[in-house]
Amino acid sequence: MSRILSDVERIKAASRHLRGTLAESLADAVTGALAEDDTQLSKFHGIYQQDDRDQRSERKRQRLEPAYSFMIRARVPAGICTPAQWLNMDRVATEKANGTIRLTTRQAFQLHGVIKSGLKAAIAGINREMMDTLAACGDVNRNVMAPTLYDLTDVHRQVQADARRLSDHLTPATNAYHEIWLDGTKLPLENDDRAADVEPIYGRTYLPRKFKSAFVVPPQNDTDIYSQDLGFIAIVENGQLVGYNVTVGGGMGMAHGEPETYPRLADILGFVTPDNILAVAEAVVTTQRDHGDRTNRKHARLKYTIDDRGIDWFRAEVVERSGVAVAAPRKFAFTSNGDVYGWQADAAGAWHYTLFIQNGRVADTGDRRLLAGLRRIAALHHGEFRLTPNQNLTISSVRDEDRESIESLLTEFGIENELQASALRLNSLACVAFPTCGLAMAESERYLPSLIDTLEGHLIDAGLGNEPITIRMTGCPNGCARPYIGEIGLVGKGPGTYNLYLGAGFAGERLGCLYRENIGETEIIEALLPLFEAFGAARADGEHFGDFLVRTGVVREVTAGRNFHAAEVAHG
Amino acid sequence: MRASTAPLLTLPLDGGQSERLRQALAGLTPDQLQWVSGYAAGLAAAASVPAQAAAPSTLSDGANTLTVLYGSQTGNGKGVAERLAARAKEKGFGVSLQSLADYKPSQLKREVLLSFVISTHGEGEPPDDAELFHEYLFSKKAPTLAGIRYSVLALGDSSYINFCQTGRELDQRLADLGALRLQPLAECDVDYEEVADRWVGDVLARVPDLISATSPVPQLRAVTVAPRFDKNRPFHAEVLVNQKITGRHSSKDVRHIELSLEGSGLHYEPGDALAVIVRNPPALVQQLISAVGLDGATPVDVAGESLSLETALSEKLEITATSTGFLKAWAAYGSGELKSLLEQGDRAVLSELVDGHQVIDIVRRFPATVDAAGLASSLRKLGARSYSIASSQRANPDEVHLTVAAVRYDAFGSEHWGAASTHLADRLGEGDRVFVYVEPNSRFHLPADDSADIVMIGPGTGVAPFRAFVEERAERGAQGRNWLFFGDRTFGSDFLYQLEWQRHLKSGALARLDLAFSRDQSEKVYVQDRIRAQGKDLYEWIRSGASIYICGDSKHMAGDVEQALVDVIALHGNTGAAEAKARLKELRRDGRYQRDVY
């Protein structure tokens, strides 16, 4: 294997802790873009350079550079934000971005369409309410996820607090962010007692690749714990949080045509008590920092480090570095990876309303006035908002006396109607893809809703109108919407064509398997229709679609990331 | 010059041949000589000379250069191209490595050895980088490529149906255009390394043979006999490109127009203008005919020629601009109101009538009865319209480029059009022809001294001649620095020729670019504001000999910019306004301050 470091490693090493020439790039009035190297560094600051791909070709003819704009991702550890933060994000989106907010599959906010000259004001605007964008992207630990359900109030509060502790602990310490975006002023963040400009955990070149971590509380697997580099499965005994099963080595991304890349579900490393999570997490991160592949970015995620060296080696390394004895995993069970919609009361009597937001896009379109409605709700809400791992939103900790006014706003702005959507739609995820994402090969957010329109009819015909089936679409194989663990996974291959994966577990516990390659809408429907009919006719009691397809041999059971491509290889 | 006095090149001819040629050419007129030269060149091209050419003793620069071009979405193609370029350099060959995005297709004709690395995307489409090159190559603009040797490495993914489609098309098209394959097309799948390495090796193995087989004698090209074209005999130029260059969100429609001058013998210098013979908008002609209630077929006499009224209004008479002559003539046909306005002679009213109205507006506002002959005789002749040329002929030998803002607006409750701009923008497609001639503008030319610096101030379409200036200075290898001030409404949609300026900045052909986009922020910013902001540097440039050029709107811009220049000279030269003005006048007298405003 080549020993030459990937180009991004060079850029990181020369960046002086993520500064690069970002300040100069921002000042260059001749282009709406950043200097090429800076486009890598900006990610660490939560900023992706993009361009409107719908206009790319016509602008080249017009002798204009691409219509560059920026996507800004704001971290929301554990997905929790205050009404003031929501209103602030709304304001920045309206004034500096394209007037919509996107809730991501990692419980973060995304703004799209910010132009370079407005970038600094947008970032400063987000920071106004003590929210930041640092490390929302880049080769670092990204937004730490945590579940949003409330049936066990105390446990969830503890898990959320642990998630925020982990987030703080793994946040880069560089002062570059404040220098560039906030003119040197530092935020009163909780972890501010570390030395100004060193990275005790990450070092000079940060991690070899992105790093994702999450917490989850069974039986709901809403944060898709097996897709994370690092996961903590809460173990609850007698109503008490006793500790976590630690998972390592999950990850979705792969590249078409490169079978040495593959999605992988995490392994369970073992059980640790809550007081040890930071030490264990740091050991996982530093092991990956020191042993991850820095020569090939397609082989740089933790999942490959573990597959290359073995989970036993990895466990020993983590134990050694952390000084924490990792015990045998405890028992737990997952039932679903979706959200629970509508009103729920928690043990303390507070109310929580989870609303459905198709593909996480908060916008005003026709009678569905999500952005305006949530603005009104945020203005009178005293609790919190929770961004769910499935791109939805929970209006959380509503007092009894506020419930009625919130309900009437939900009705007035047409938000409540969203829950009338089919079970398939309520269990759908799509990434952004065209026109802004530079990686997209096919449509996703703009297309999945209409595909679901068609599929719904066929499901009703098969008597499956109320059957929850997870359907996930991405415009490229990198897997932002975790398509390989959707029971129906559609991964963009080219304009209008997708690979169809089937047979994933309903709770995210099994990968799907390639069923059809390079197909368009007609073939997608032709492929699914007979399977819906067979499922409707011959399913076992309570059996999920993915399980059924595996049991009946329609697709092979994928037991590990390494054999994700096995069938393709056999065909080839 | 008489033919008998011209020294003949003796090199390729023996004594007898040169004497016979001398006799044959004796006494021919220059036009005849030009015809003969074209005739001989045509014979030479047909005989495919290079293969028989004598072995060269020294190689010219172009002849031993391997040009490596790549178009690649993922960077894999770029990597292979770089590898080929690096290894060719190691072997001592001249190498030019470029992305197809940066490559000027007009350069193709001058190439000798070409290697392409190109990938295929989606359903058989070229990569973004190569899109425009691909389009050019498959258009009728593509030149014949006889004598060029090439090789193509195609990158693809065999899980797509149209595997390596772009590479295959390119390989075939180059052959169709007359180029010769150096080696068969090589096709790579996702695991491209091995095939790519072999291809690089094959190219390198063949390059030395090729270089010795390639003639250093520049290929002779057939030259069409070139009669002189001028105002009295305009050239019928083919439209090669008619491309909108403002973005979707622009409030304006600005076109980049390329015309072919091939065979015209027309010559222009940067700063010159191109006169375009235009026709009036057909819809306007119809509106006018119906507004006066006449029949378009009625014959009328224009300058001794008998034409239908419709043809006369369309091709011969001025109807988009109003003149005082027309107003007087029209008043005579019966509008008492217009007559009394003219008699009152209020200058403001009259100038509003002339400037703000087209003929049709006057006809509608002041109805009168007129016959076809009366209407025709009241109108001025339709004159040619001049545009500052936006190209350097040195950089674009057979072409002339214009930057044209299409004039369309609503006034008096109906749509209005500019005659020339909409003729060019709306009514001339690629392949259509338009009559043109060159109007030299010696008062707006580059300094003769290539080492002198220049400052160009050209907001909006006023930037056109500066595109020519920078192209010309780059082509000439001029050492003097070039500084451009450009402004328009928005950065996103009105930054005319943005990609070209970026390229010139990168290459150093443009030293500085200062921008003013008036509508991108709450307070309006114009070029004069940028001039003041950069006053210190600008004054230094002027002091050290820079020439200043202004092109564009004369109503507001030219005056505002001049005032800014006076302010800069006064402030940074520590003088009063009067002295600063005198300095500017001096610069003007010395030809160091030139304006092309309209």
Exercise. Out of all the residues in segment A:163-177, which are over 16 Å from residue A:76 (Cβ atoms) and buried (at least 23 other Cβ atoms within 10 Å of the Cβ)?
Worked result: A:174, A:177
For this session: Give the number of residues within segment B:465-493 that are out of contact with any helix residue (DSSP H, G or I) (no Cβ under 8 Å at 6 or more places or on another chain) and within 12 Å of chain A (Cβ to nearest Cβ).
Result: 3
For this session: Scan segment A:45-76 for residues that are facing chain B (nearest Cβ under 10 Å) and outside any loop (DSSP other than H, G, I, E, B) and jot them down.
Result: A:53, A:54, A:55, A:56, A:57, A:58, A:59, A:60, A:61, A:68, A:69
Seminar exercise, completed: Among (1) hydrophobic (A, V, I, L, M, F, W, C); (2) within 14 Å of chain A (Cβ to nearest Cβ); (3) in contact with a Cys (Cβ under 8 Å, 6 or more places away or on another chain), residue B:130 falls short only on (3)
For this session: Could you check how many residues of segment B:101-120 are within 13 Å of chain A (Cβ to nearest Cβ), over 18 Å from residue B:200 (Cβ atoms) and touching a strand residue (DSSP E or B) at 6+ places or on another chain (Cβ under 8 Å)?
Result: 2
For this session: Scan segment B:91-144 for residues that are under 24 Å from residue B:260 (Cβ atoms), aromatic (Phe, Trp, Tyr) and part of a loop (DSSP other than H, G, I, E, B) and report the count.
Result: 2
For this session: Only residues that are surrounded by fewer than 18 Cβ atoms within 10 Å (Cβ to Cβ), assigned to a loop (DSSP other than H, G, I, E, B) and at pLDDT below 95: list them for segment B:266-294, please.
Result: B:293
Exercise. Considering segment B:311-354 alone, what residues qualify as being polar (S, T, N, Q) and part of a helix (DSSP H, G or I)?
Worked result: B:311, B:314, B:324, B:340, B:344, B:351
Problem set entry | Residues that are in contact with a Lys or Arg (Cβ under 8 Å, 6 or more places away or on another chain), among the polar types (S, T, N, Q) and without any contact (Cβ under 8 Å) to a residue 60 or more places away in the chain, drawn from segment B:566-594 | B:575
Exercise. Inside segment B:476-508, can you point out the residues that are part of a helix (DSSP H, G or I) and touching a Ser or Thr at 6+ places or on another chain (Cβ under 7 Å)?
Worked result: B:493, B:494, B:502
Exercise. Of everything in segment B:168-192 that's part of a helix (DSSP H, G or I) and more than 23 Å from residue B:93 (Cβ to Cβ), which residue is farthest from the other protein chains (Cβ to nearest Cβ)?
Worked result: B:175
Exercise. What residue, among those in segment A:31-41 that are out of contact with any helix residue (DSSP H, G or I) (no Cβ under 6 Å at 6 or more places or on another chain) and closer than 15 Å to residue B:506 by Cβ, is nearest to the other protein chains (Cβ to nearest Cβ)?
Worked result: A:31
Problem set entry | Condition check for residue B:368: farther than 29 Å from residue B:308 by Cα and touching a helix residue (DSSP H, G or I) at 6+ places or on another chain (Cβ under 8 Å) | no
Exercise. Is it true that some residue in segment B:235-253 is among the aliphatic types (A, V, I, L, M), away from every other protein chain (no Cβ under 14 Å), assigned to a loop (DSSP other than H, G, I, E, B) and touching a helix residue (DSSP H, G or I) at 6+ places or on another chain (Cβ under 9 Å)?
Worked result: no
Exercise. If only one of B:353, B:379, B:375 is in contact with a helix residue (DSSP H, G or I) (Cβ under 8 Å, 6 or more places away or on another chain), farther than 29 Å from residue B:458 by Cβ and at pLDDT below 90, which one is it?
Worked result: B:353
Exercise. Among the numbered criteria (1) under 21 Å from residue A:52 (Cβ atoms); (2) away from chain B (no Cβ under 14 Å); (3) crowded, with 20+ Cβ neighbours inside 10 Å; (4) touching a residue at least 40 places away in the same chain (Cβ under 8 Å), which single criterion is violated by residue A:119?
Worked result: (2)
For this session: Take residue A:546 and decide whether it is under 28 Å from residue B:159 (Cβ atoms), modelled with pLDDT of 95 or more, in a loop (DSSP other than H, G, I, E, B) and more than 14 Å from chain B (Cβ to nearest Cβ).
Result: no
Problem set entry | Counted residues, segment B:399-426 - those being assigned to a loop (DSSP other than H, G, I, E, B) and surrounded by fewer than 16 Cβ atoms within 10 Å (Cβ to Cβ) | 2
For this session: For segment A:140-161, name all the residues that are buried (at least 22 other Cβ atoms within 10 Å of the Cβ) and hydroxyl-bearing (Ser, Thr, Tyr).
Result: A:148, A:150
For this session: Take the residues in segment A:322-359 that are in contact with a Gly (Cβ under 9 Å, 6 or more places away or on another chain) and hydroxyl-bearing (Ser, Thr, Tyr), then tell me which one is surrounded by the most Cβ atoms within 10 Å (Cβ to Cβ).
Result: A:354
Seminar exercise, completed: Picking from B:151, B:212, B:159, the residue that is over 29 Å from the mean Cα position of the chain (by Cα), over 30 Å from residue B:258 (Cα atoms) and either surrounded by 19 or more Cβ atoms within 10 Å (Cβ to Cβ) or modelled with pLDDT of 90 or more (or both) would be B:151
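Out of everything in segment B:546-588 that is of a type in the set (Gly, Ala, Ser) and in a helix (DSSP H, G or I), what residue ends up being surrounded by the most Cβ atoms within 10 Å (Cβ to Cβ)?
Looking at the filtered set, the residue picked out is B:564.
Residues to consider are B:502, B:534, B:521; find the one that is farther than 24 Å from residue B:399 by Cα, facing chain A (nearest Cβ under 10 Å) and not aromatic (Phe, Trp, Tyr).
On the way: B:502 fails: farther than 24 Å from residue B:399 by Cα; B:534 fails: facing chain A (nearest Cβ under 10 Å).
Matching residue, one of B:502, B:534, B:521: B:521.
Condition check: touching a residue at least 60 places away in the same chain (Cβ under 8 Å), hydrophobic (A, V, I, L, M, F, W, C) and closer than 30 Å to residue B:108 by Cβ. Does residue B:406 satisfy that?
Answer is no for this residue.
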Problem set entry | helices (runs of 4 or more DSSP H) within segment A:256-329 that include 3 or more residues within 14 Å of chain B (Cβ to nearest Cβ) and of a type in the set (A, V, I, L, M, F, W, C) | none
Exercise. Across segment A:235-255, which residue is surrounded by the fewest Cβ atoms within 10 Å (Cβ to Cβ) among those that are assigned to a loop (DSSP other than H, G, I, E, B) and of a type in the set (A, V, I, L, M)?
Worked result: A:255
Exercise. Does segment B:509-530 include one or more residues that are assigned to a helix (DSSP H, G or I), surrounded by 19 or more Cβ atoms within 10 Å (Cβ to Cβ), over 28 Å from the mean Cα position of the chain (by Cα) and not aromatic (Phe, Trp, Tyr)?
Worked result: no
Exercise. Can you name the condition, by its number, that residue B:67 falls short on among (1) free of Cβ contacts under 8 Å to residues at least 40 places away in the same chain; (2) part of a strand (DSSP E or B); (3) over 17 Å from residue B:195 (Cβ atoms)?
Worked result: (1)
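The values are calculated or read from the model by the stated rules, or taken from the named source; none is laboratory data. No experiment lies behind these values; they were computed from the predicted model shown. Neighbour counts are summed over all protein chains in view; Cβ atoms, including those assigned to glycine, are modelled from backbone coordinates with ideal geometry.
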